[in-house]
1. Arrange the peptides 21-32, 134-145 so that the one whose residues have, on average, the most other Cβ atoms within 10 Å appears first.
2. Using label points projected 7 Å from each Cα along Cα→Cβ, tell me how many nm separate Glu106 and Ile12, to one decimal.
3. Report in % the part of the accessible area of the chain that belongs to carbon and sulfur, leaving out ligands and nucleic acids; probe 1.4 Å.
4. Which whole-number percent gives the relative contact order of the stretch 39-211, counting Cα pairs below 8 Å spaced six or more residues apart?
5. Output the antiparallel fraction of DSSP beta bridges having both residues in the chain, as a percent to the nearest 5.
6. Per residue, how much accessible surface does the stretch 39-211 expose to a 1.4 Å probe? Answer in Å², no decimals.
7. Sticking with the crude label model, points 7 Å out along Cα→Cβ, report the distance from Glu166 to Trp119 in nm, one decimal please.
8. State to the nearest 20 debye the size of the charge dipole of the stretch 39-211 about its Cα centre, where the only charges are +1 on K and R beta carbons and -1 on D and E beta carbons.
Amino acid sequence: MRLRNIPGAREIIENSPLVIKEAEKTKGLWKELFGNDNPIHIEVGMGKGRFLMTMAEKNPDVNYIGIERYTSVLLRALQKMEEKPLPNLVFLCMDAAELEQVFETEEVEKIYLNFSDPWPKDRHARRRLPSREFLARYDKILAQGGRLEFKTDNRALFDFAVEELEPAGWKAEKITYDLHADAEMMKDNVMTEYEERFSSVGNPICKYVIYR
Ligand code: SAM
């Protein structure tokens, strides 16, 4: 993703009640933050937040947390949320490598990865969000029986992600190399910004649902 340095983004995020600051203090207390006992679902690398906003609107009985590392990108999500505030969606501005510092063991019921950055160089493989290093982090915070869903149009990244499952101790429950042609997996599909862009030029979308 090409990033522009948006003047004032950091200040707006610092002052927004929708972005949870000092999130380590909320570790183990996310349901209290939302004020209910609903399950917690997170998207790691959420970009401008369209997917989560649609999900939060459709599923008021689920609490959603969007995780995005860049203030300039998160700002776009905040601007959209101002138009339509949702009580069951908040954001974290952080590197997902630190997930275990903000979520207690098994605190999260579902994890979404959508169109994660490919990091094509081999030496950067551990930065890929579906890598075994990240799967080990998700393993800690995901509830027993919880699921992780990953979508991408990048076939090389998807093949890598599938190969990482066994060494990391995960299993595929569902897998498709052409999501939009798979009626069963398309049921309830919510398009992300990147999915819209890449499927509109004919790229097949790969998806897996995994568990351990
Ligand atoms: N999920 C959105 C979609 O499908 O439209 C955005 C996809 S965009 C290619 C990937 C996003 O993940 C970027 O905004 C990037 O900043 C974010 N990201 C990548 N690695 C991250 C990390 N380690 N922690 C938090 N965010 C990350």
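1. Numbers: 21-32: 13.5, 134-145: 17.2.
So the peptides 21-32, 134-145, ranked by packing, come out 134-145, 21-32.
2. 4.0 nm
3. 47 percent
4. On the way: 305 pairs, mean separation 38.2, N = 173.
That works out to 22 percent.
5. Working: 10 of 31 bridges.
Taking every DSSP beta bridge with both residues in the chain, the antiparallel ones total about 30 percent.
6. On the way: 7940 Å² over 173 residues.
Per residue, the stretch 39-211 has an accessible area of 46 Å².
7. 2.3 nm
8. Details: 24 positive and 31 negative charges, 84 e Å.
For this selection, approximately 400 debye.
The values are calculated or read from the model by the stated rules, or taken from the named source; none is laboratory data. Everything numeric here is computed off the predicted structure, so don't read it as measured data. We place every Cβ from the backbone using ideal geometry, glycine too, and count neighbours over all the protein chains shown. SASA here: full protein model, heavy atoms, side chains in, ligands and nucleic acids out. Shrake-Rupley method; radii C 1.70, N 1.55, O 1.52, S 1.80 Å.
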